[in-house]
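Notes for the one structure printed next.
The values are calculated or read from the model by the stated rules, or taken from the named source; none is laboratory data. Computed from a predicted model, the values in this text were never measured in an experiment. All Cβ positions, even for glycine, are placed from backbone atoms using ideal geometry, and neighbour counts span all protein chains on display.
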Amino acid sequence: MSDADNASTSAVGPAHPVGHDDDGFDAYGKDPAVINSLRPALDALLDRWFRLTIEGQSQVPAHGRVIFVANHGGALPWDTVVLFGALLRATGREVRPLVEDPVITAPFLGTLMSRIGGVRASQENATRLLSRDEAVLVFPEGMQGLGKSWGRRHQLQRFGRGGFVRLAVRTQTVLVPVAVVGGEETSPLLGKVEALKALLPDMAPWLPITPLFPLLGPLGLLPLPARWRIRVGEPINPADHVSEEGDAVAVNALASRIRDRIQKDVSELVEARGGAWL
């Protein structure tokens, strides 16, 4: 869920396998059987618990490679699960989220992310997926998005160094901005305990403090019944704005433009939604 700026930048080439078997299970851990078994529960979560509404889904390309660019927020990455489920049933496309290391390596959570198609965030992995005309989901805010305090909710952080734009230019992939509201109310971040960082460097850089966690132990990680809103924006052809990926000025300008577009949509969705829970 990061744009993985420092990763490999090999050009996209002919599609090549990464270990698919006959049932669609691939080397990254995606398991179609798990996805199918989770769909009824996921639908119930989106409709009854989160009362999700989505708009603009008709703008999603039906086929071919695409990069969804979304804002990130909440102490836990519920937005990854919600976007996966919402886009799957609204467009029929199974998105492949690029997931930060602390999430993809977390016990239980990392396994779940892998089974629904999540992949460790890197330019190399993203390029490989796009070479197979898959739909990739990136969160350019990365861990800074998940680390936003309650007082900074709905305020997008910096979009890295534009790695997702360079990826799109290099692979000739359309960019689709997506605004998401609900994650920060579902899992409000009230504070962070960073004492575990030195002891568990491979885990999240902090232990989140939410209204229910760690007070209620593992039960405190369950989502609050916030109302979610998603807006899919108009697709952007990166070639119309950036001639080559090495043009840092043009890359950053397009990344900023997309960030501003998503921020505007987030603000409009928050205002239109009204109360977060009622």
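Taking residue 35 as the residue in question, decide whether it is assigned to a helix (DSSP H, G or I), closer than 18 Å to residue 134 by Cβ and modelled with pLDDT of 55 or more. Criteria met by residue 35. Looking only at the range 154-192, residues that are among the hydroxyl-bearing types (Ser, Thr, Tyr) and in contact with a strand residue (DSSP E or B) (Cβ under 7 Å, 6 or more places away or on another chain) come to 1 in all. Let me confirm something: among 132, 158, which residue is in a loop (DSSP other than H, G, I, E, B) and farther than 23 Å from residue 205 by Cβ? So the residue among 132, 158 that is in a loop (DSSP other than H, G, I, E, B) and farther than 23 Å from residue 205 by Cβ is 132.
Looking for whichever is surrounded by fewer than 16 Cβ atoms within 10 Å (Cβ to Cβ), touching a residue at least 24 places away in the same chain (Cβ under 8 Å) and over 22 Å from residue 73 (Cβ atoms) here; the options are 248, 168, 253. Which one fits?
Being surrounded by fewer than 16 Cβ atoms within 10 Å (Cβ to Cβ), touching a residue at least 24 places away in the same chain (Cβ under 8 Å) and over 22 Å from residue 73 (Cβ atoms) holds for just one of 248, 168, 253, which is 248.
Scanning the range 120-163 for residues that are hydroxyl-bearing (Ser, Thr, Tyr) and crowded, with 21+ Cβ neighbours inside 10 Å yields a count of 1. If you go through the range 236-247 one residue at a time, do you hit one that is at pLDDT 95 or above, in contact with a strand residue (DSSP E or B) (Cβ under 9 Å, 6 or more places away or on another chain), of a type outside the set (D, E, K, R) and part of a helix (DSSP H, G or I)? For the range 236-247, residues at pLDDT 95 or above, in contact with a strand residue (DSSP E or B) (Cβ under 9 Å, 6 or more places away or on another chain), of a type outside the set (D, E, K, R) and part of a helix (DSSP H, G or I): present.
Against the numbered list (1) in contact with a Pro (Cβ under 9 Å, 6 or more places away or on another chain); (2) at pLDDT 95 or above, residue 121 comes up short only at (2). Within the range 170-189, the set of residues being of a type in the set (Val, Ile, Thr) and out of contact with any Leu (no Cβ under 9 Å at 6 or more places or on another chain) comprises 174, 176.
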